[in-house]
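Taking it in order: structure first as structure tokens, then the write-up.
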Amino acid sequence: MKKFFILICGILFVTNAFGGDTTPREPQKVDESLRNKWGLYPWIFNTDLSGKFMYAGRIGKSNQFGTCGTNDEGAGVAIIATNIFKNGNGAEFCGRQIQAHREGYSWIDFYDTKDYNQKCFTFCKSGHYGVECNQTTFSQCDDKDYTSEFPNIMGAADDWLDTTDKYCHDTSKIKTEITPVFHYVIDKNNDSQVYVLGVTSIKPHGIIVGPVQIAAKRKHSGSWISSVMGNGNTFALCAAGYIPNSNNSDCVPGPSCASEAEKLNNLCSGFSKDNYKSDEHSLVYNNNGKCYNVRCQNHKGFSSEYNRTCIECPGAPLAYVNNDGVCDMCDRGKYPNGTSCSNTIASYDKVQMYSNRNNDCWLKTKADEYSDCVKK
């Protein structure tokens, strides 16, 4: 009887060690509104992200071996959203070991990566900041280089994989049920998919993210990550003080964090940094063009569209500087109001002239800075 008991225990041990889990774990589906905010549609995933989202050497049938001790369940490493904020403004991103299982079903698990799970960072859409991206201002520029903060998953993918059977069955490492996904498919036959918000590129001052379809296949002899695909929708999520460039492919310094040299390297068309004079000109951010316009200081304007000489605009009190930085003049009966003309004269009370919502306008030493402060 004792030998029979030992035999049964041995069989159970072998089944657990080499058979693996047989009950699929289900990830956490996010709300439909978040699908829309993160570009899940159109549901056409035909952009190959091998070598971008996940190391290409871990994708495909030939890579079904090498994890979970039994060498029959493939896996790869990627950076995905582990907490997608309900406001749709951003998410927390961490490295995860993504495991293709085969026992009973085809399904996909998410694990902490070996020596990597501590590398988690929050990134927000442009104009949002804070721990949950629920703030509209920031206190200081985030100048960290995230190509160093996030280790090189593509160049040293296997450094972050734990291939032991013990790791695959350590429930404290499994994060599947708390991982937010757009959609998932668990299949009792051969195929499974999960749709995540994934990082496809790491930039010095931000990340490029988008919806990613991770697909897995299984056969009796093994399982593997079969493909990682995108639908073409991407978002540049930048560190505080940085903003997406004109085509959302990188993060560049925003107006409050850019040095003069960085601004001059991002001038709007029609301006040349060779003609820029710091004591005569200022650099004004153009939100539409995501570049910097050159403007004259001290309420002066360009003499014409073709002559960039700064002059006192003639025709006071009807003179003003228009949106192009050029001197212009209002018709009779109208009055300058900022960069255009109005039927009424703009007026400001004593509080605005002095402080204007605690901005301490009276401390401004330059005329244009004082004027801007009062008009805010």
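An ellipsoid equivalent to the range 159-313, defined through the eigenvalues of its Cα gyration tensor, has semi-axes of 53, 16, 11 Å when rounded to whole angstrom and sorted largest first. With Cα atoms defining each centre, the range 99-150 and the range 37-61 are spaced 18 Å apart in the structure. The length gained on full extension between residue 364 and residue 280, counted as 0.36 nm times the residue separation minus their Cα-Cα distance, comes to 28.5 nm.
Legend: translational diffusion of the range 118-185 by Stokes-Einstein, Rh = Kirkwood radius over C-alpha pairs, 10 °C, 1.306 mPa s; D = 101 µm²/s.
Of the Cα atoms belonging to the range 93-220, the radius of gyration and Dmax stand at 16.7, 56 Å. Overall shape of the range 166-232 was characterised from the C-alpha gyration tensor. The equivalent ellipsoid obtained from it has semi-axes of 24, 17, 12 Å, in decreasing order. Fully extending the segment from residue 152 to residue 201, taken as 0.36 nm per residue of separation minus the present Cα-Cα distance, adds 16.6 nm. The 3J(HN,Hα) values that the Karplus relation (6.51, -1.76, 1.60; θ = phi - 60°) gives for the range 304-316 are, in residue order, 6, 4, 9, 10, 8, 6, 7, 9, 6, 5, x, x, 4 Hz. Gly and Pro appear as x. Segment residue 131..residue 164, full-extension length gain: 8.4 nm, with 0.36 nm per residue of separation and the alpha-carbon distance subtracted.
Every read-out reported here was derived from the displayed coordinates using simple, explicitly stated rules and does not represent laboratory data. Model, not experiment: these values are computed from the prediction.
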